[in-house]
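In what follows, a structure is listed as structure tokens, so that the remarks can point back to it.
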Amino acid sequence: MQSASDLTKSSPIAELQAEIIRLFDLGPKAREDGKARSKFDQFLNALTTGQIRAAEKQNGRWKVNTWVKQGILLGFRIGELAEWSSSGLSFVDKDTFPARYFRVEDRVRIVPGGSSVRSGAYVAPSIVCMPPMYINVGAYIDEGTMIDSHALVGSCAQIGKRVHLSAAAQIGGVLEPVNASPVIIEDDVLIGGNCGLYEGCLVQSRAVLGAGTILTRSTPLYDLVRGQVYRASADKPLEVPENAVVVPGSRAVTKGPAWDLSLYTPVIVKYRDEKTDRGIEPEEWPR
């Protein structure tokens with residue numbers, strides 16, 4: 001994939017970027033532009049093949065590629081409702097975003113049972129998808145990742161290498177505002193069953209989220225090991241530190257009437273060690 005820092009004014013991706021921004025700025029009039037469809041098709045192919053992505057890491061920090069999200073929104077604006085059918089089921093969506101079809105040479109395992117991947121989602125070779133699961137437009141899923149049953153990968157979410165999204169994990173998506181950061185999960189992370197990650201939270205590499213952990217911008221994360229509290233700010237998402245092991249917890253409500261209430265709170269109980277690695281080591285045989 002070509003990063004934004006590598007682009008030059010003469011590169012095909014830079015030219016595509018300029019066209020997408022121009023068309024997006026036209027608003028509803030983009031539907032009347034003769035180049036809109038062909039440029040969007042070029043954009044969608046680049047997004048689906050991983051040549052471009054909604055966010056990328058540059059100089060150690062994640063950066064949102066606003067124009068990519070603008071391109072996705074452009075597709076909704078210029079698309080028309082169309083019907084598709086498959087195995088007796090029918091679907092109605094914008095014709096600019098058909099469902100993806102995979103071939104053996106794509107080296108993506110999609111086990112039968114009702115899964116769906118939207119065009120504009122990059123799914124790398126060696127990924128395993130267990131039914132039913134769903135991957136939305138703009139998502140980027142890197143090699144060796146397992147997406148388990150009933151898991152959702154939302155629009156523009158960025159998933160790293162060798163990640164395990166356990167059953168019913170919900171990875172929230174975001175398209176608007178276009179400068180908002182998507183949920184990002186870095187390499188070698190384990191997301192436990194029924195976890196929910198929303199509002200642009202960042203899970204750094206090798207972290208482990210125990211079953212039922214919920215992370216949002218308004219959720220403080222308590223670190224029992226280091227004695228710190230991590231919070232999102234106006235210009236920074238909630239971040240889970242590298243190697244952190246997080247489980248659901250609670251904290252007492254100390255204001256208001258004495259009702260003995262508590263609030264849900266994610267808690268870092270340890271940092272990953274050899275014992276943790278043995279407990280979560282992925283089984284290679286099913287892959």
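The values are calculated or read from the model by the stated rules, or taken from the named source; none is laboratory data. Just so it is clear, the structure is predicted and the values come from calculations on it, not from any experiment. A quick note on method: Cβ atoms are made from the backbone with ideal geometry, for glycine too, and the neighbour counts reach across all protein chains shown. Heavy atoms of the whole protein, side chains included, go into the accessibility calculation; ligands, DNA and RNA do not. Shrake-Rupley method; radii C 1.70, N 1.55, O 1.52, S 1.80 Å.
Observations on the structure shown:
- Calculated accessible area for the chain comes out at 51 Å² per residue, all protein chains present (probe 1.4 Å; ligands, DNA, RNA ignored).
- Magnitude of the charge dipole for the chain, about its Cα centre and with charges confined to Cβ atoms of Lys, Arg (+1) and Asp, Glu (-1), is about 440 debye.
- Cα-projected label distance for LEU81 with VAL225, points at 7 Å along beta-carbon direction, nm: 5.2
- Viscosity 1.306 mPa s, 10 °C: Kirkwood-radius Stokes-Einstein D of the range 181-226 over Cα pairs, µm²/s: 143
- The chain: most fluctuating residue of LEU89, LEU16, LEU26 per GNM, C-alpha cutoff 10 Å: LEU89
- For the range 235-275, alpha-carbon Rg relative to the globular expectation (2.2 N^0.38 Å, N residues): 1.60
- Share of carbon and sulfur in the accessible area of the range 75-162 stands at 53%, probe radius 1.4 Å.
- Farthest towards the positive end of the charge dipole of the chain, among the residues ALA232, PHE97, ALA151, is the Cα of ALA232, using unit charges on the Cβ of Lys, Arg, Asp and Glu.
- Whole-number D in µm² s⁻¹ for the range 34-162, Kirkwood Cα-pair radius fed into Stokes-Einstein, 20 °C, 1.002 mPa s: 140
- Ellipticity estimate at 222 nm from DSSP helix runs (n ≥ 4, -39,500 (n - 2.57)) divided over the chain, nearest 500: -5000 deg cm²/dmol
- Nearest 10 degrees, 0 to 90: helix 12-25 Cα axis against the chain principal axis: 90
- Taking only the C-alpha atoms of the range 87-176, the Rg (one decimal) and the largest Cα-Cα distance, Dmax (whole number), read 12.3, 35 Å.
- With a cut-off of 12 Å between beta carbons, the residues surrounding LEU215 carry a summed charge of 0, where Lys and Arg count +1 and Asp and Glu -1.
- Listed residues LYS255, LYS94 arranged by accessible area, highest first, probe 1.4 Å: LYS255, LYS94
- Cα centroids of the range 192-235 and the range 236-283: 7 Å apart.
- Dipole of the chain, positive direction: furthest Cα of ASN136, ALA121, VAL174, with charges on the beta-carbon: VAL174
- Global form of the range 135-222, assessed from the alpha-carbon gyration tensor, a/c cut-off 1.5: rounded
- The chain: angle of helix 66-78 to the longest principal axis, Cα-based, in degrees nearest 10: 60
- Oblate is the label for the range 160-285, because the ratio a/c of its alpha-carbon gyration tensor axes (a ≥ b ≥ c) is 1.5 or higher and a/b is not greater than b/c.
- Cβ charges +1 (Lys, Arg) and -1 (Asp, Glu), total dipole of the range 35-132, debye: 500
- For the range 21-113, lysine pairs with C-alpha atoms less than 23 angstrom apart, excluding pairs fewer than eight positions apart on the same chain, total 9.
- Reduced Cα scattering model of the chain, Debye log10 I(q)/I(0), q = 0.07, 0.10, 0.15, 0.16 Å⁻¹: -0.29, -0.57, -1.15, -1.27
- Rounded tilt (10° steps) of 36-48 against the dominant C-alpha axis of the chain: 40
- Candidates ASP106, ASP260, ASP187: whichever shows maximal mean-square fluctuation once the chain is modelled as a Gaussian network with Cα springs under 10 Å: ASP260
- Sparse-neighbourhood loop sites, chymotrypsin sites (Phe, Trp or Tyr not before Pro) in the range 49-127 - DSSP loop, at most 15 other Cβ within 10 angstrom: TYR101, PHE102
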